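See structure below.
The values are calculated or read from the model by the stated rules, or taken from the named source; none is laboratory data. Predicted model, so just to flag it, every value in this text is computed and none were measured. All Cβ positions, even for glycine, are placed from backbone atoms using ideal geometry, and neighbour counts span all protein chains on display.
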Amino acid sequence: MKLINFLDFKPFKDIMEKMKINKDEKIDIERIKIIEKVRIWKQLSSLSGLDIDINETVASENGFIKYNEFDKLVAYIRDQKYFGEKFSLRKFHIAYNCKTLSDSRKSRDASKYKIVQNKSPEFTINILSEDAKTVIEANVIKKLEVCTNCLKALNYKNFLNVSKSEQDKIKNEFSFEEFLGTEFDKNEELIKSYNLDDIENDRLRLYPKNWEEISYNYRKSKNWICEECRKDCSKNKEELETHHIDHNPSNCSFSNLKALCKTCHAKIHPHMQ
């Protein structure tokens, strides 16, 4: 079988051109992978989490939620609605084969999830009206409960074989630190071993030449309103920035962009604060 010469492979050459990399320059494929991994981690480890279609995740060997080499992830829905006069917070998920997540993968809820990994029991959510047209509270920090179906799917702490009172105790005393074990610290140490300044310089090389025009047109299409907290930035357009959902600055299709005020953008990229 003839191997592909990637330096003559047009899609790869197009990427190199966008990154302004000379064809004679040595390409470090491993470094490109590291850059992508760091970008994803920065969002995963923030309180806001990473926007994702839950179908993009996979099951880890032990039945946890896994994405792009990151294991033991937590999934939750950011936009939560009133139902009539009542409002109750939806639960967070830790098991890939949880019945709730399995049902969500087949419904419109699949694209509404965020995934996170940090030791905080708190989540950033928006509280919406029943028709989802009005934001009652934006970017509020709330404690959520662990999903019972997840505990069953994992048989977490022998959940299926203990009494109802013991099950309630497992739910009420669920600890992120205990659940994650060394997973979070391991990822943090790995990311810290990379040079963030170098990574940001690599990121800047990926932007297309007409990025400012693309960004302006996208923010204008959203009427200068932050898509996260709904802040109106029409009187101060510099307050609204354009975020790449997949963290790839060369992917500037509108479906990959999100208009965020500086405050919301900084929550996704903590180093911008």
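So here's what we get for this one:
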read-out	value
Tally, over the range 65-94, of residues that are free of Cβ contacts under 8 Å to residues at least 60 places away in the same chain, in a strand (DSSP E or B) and of a type in the set (A, V, I, L, M, F, W, C)	6
Test result for A110, part of a loop (DSSP other than H, G, I, E, B) and either of a type in the set (G, A, S) or surrounded by 13 or more Cβ atoms within 10 Å (Cβ to Cβ) (or both)	no
Output for the range 208-250, where each listed residue is hydroxyl-bearing (S, T, Y) and assigned to a loop (DSSP other than H, G, I, E, B)	S234, S250
Wholly within the range 138-189, helices (runs of 4 or more DSSP H) carrying at least 2 residues that are modelled with pLDDT of 95 or more, of a type outside the set (D, E, K, R) and over 22 Å from S102 (Cα atoms)	164-172
Total residues in the range 113-153, condition buried (at least 18 other Cβ atoms within 10 Å of the Cβ) and closer than 18 Å to A95 by Cβ	13
Residue in the range 49-56 that is at pLDDT 85 or above, under 16 Å from K99 (Cα atoms) and assigned by TED's automatic domain parsing to the domain that holds N187 present	yes
Condition check for I40: of a type outside the set (S, T, Y), touching a Phe, Trp or Tyr at 6+ places or on another chain (Cβ under 8 Å) and farther than 19 Å from K119 by Cβ	no
V58 among the β-branched types (V, I, T), crowded, with 16+ Cβ neighbours inside 10 Å and at negative phi	no
Whichever residue in the range 216-260 is on the phi > 0 side of the Ramachandran plot and touching a residue at least 40 places away in the same chain (Cβ under 8 Å) and, among such residues, is surrounded by the fewest Cβ atoms within 10 Å (Cβ to Cβ)	R230
Search result, residues across the range 57-86 that are among the hydroxyl-bearing types (S, T, Y) and at pLDDT below 90	Y82
